[in-house]
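The values are calculated or read from the model by the stated rules, or taken from the named source; none is laboratory data. What you see is a predicted model; the values in this text were computed from it and never measured. With ideal geometry, Cβ positions are generated from the backbone for all residues, glycine too; neighbour counts draw on all protein chains shown.
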Amino acid sequence: MKILFVCTGNTCRSSMAEGIFKKMLKEMGSKYEDIQVISAGISAVNGSPSSEFALKALLEQDVDISEHSATQLSAKMVDEADLILTMTVAHKNMILSIIPEAKEKTYTLKEYSVGDVNLQDNLNISDPYGMPYSRYKECAKEISDSLEKIVNKIQND
């Protein structure tokens, strides 16, 4: 299985989600080592490093993304992914406007983590880019909380 996390620049949210989820899967044991986790950005500049505050926020969770390098989202990545988890509804809609056949495997992170979603629910993980460090910590926690729900789903399947 290949899971793709998507945000805008692939230097904050999706790179944090990738790092956190890889750690969670590793902690779940070898049964889940065949799950491949990658991330990309809709407007990424290939090779850009993770944001300094994203690195710092994840180090507090014992997750090191210092080797991360931003990747521009491609149609091939969308095609090869079994599950695409976006950080916002806008990211999801952008992917589906270009590749509508990805509809059955593309969700926002929050949407996928809770299953049935009320239309009034906030399905977005807000972008901390350019914000104070505290916002990066909040973002990392919000991502972690959603990923924990997904891990529980995986373990119960």
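Only residues that are among the hydrophobic types (A, V, I, L, M, F, W, C) and farther than 17 Å from Lys2 by Cβ: list them for the stretch 85-103, please.
Met87, Val89, Ala90, Met94, Leu96, Ile98, listed by residue number.
Find the residue count for the stretch 1-28, including only residues that are closer than 11 Å to Ile65 by Cβ and among the charged types (D, E, K, R).
Of the residues in that region, 3 qualify.
Could you look through the stretch 130-149, keep only residues that are assigned to a helix (DSSP H, G or I) and more than 13 Å from the chain's Cα centre (by Cα), and pick out the one that is surrounded by the most Cβ atoms within 10 Å (Cβ to Cβ)?
Tyr136
Checking the structure you have, find out if any residue of the stretch 79-88 is loosely packed, with under 14 Cβ neighbours inside 10 Å, in contact with a helix residue (DSSP H, G or I) (Cβ under 7 Å, 6 or more places away or on another chain) and in contact (Cβ under 8 Å) with a residue 12 or more places away in the chain.
Yes, that holds for at least one residue.
Give the number of residues within the stretch 1-31 that are touching a Cys at 6+ places or on another chain (Cβ under 7 Å) and either free of Cβ contacts under 8 Å to residues at least 60 places away in the same chain or among the small types (Gly, Ala, Ser) (or both).
The total comes to 1.
In the list Asn46, Asn10, which residue meets the criterion of being under 22 Å from Lys110 (Cα atoms) and at pLDDT 95 or above?
None of the other options fit; the residue is Asn10.
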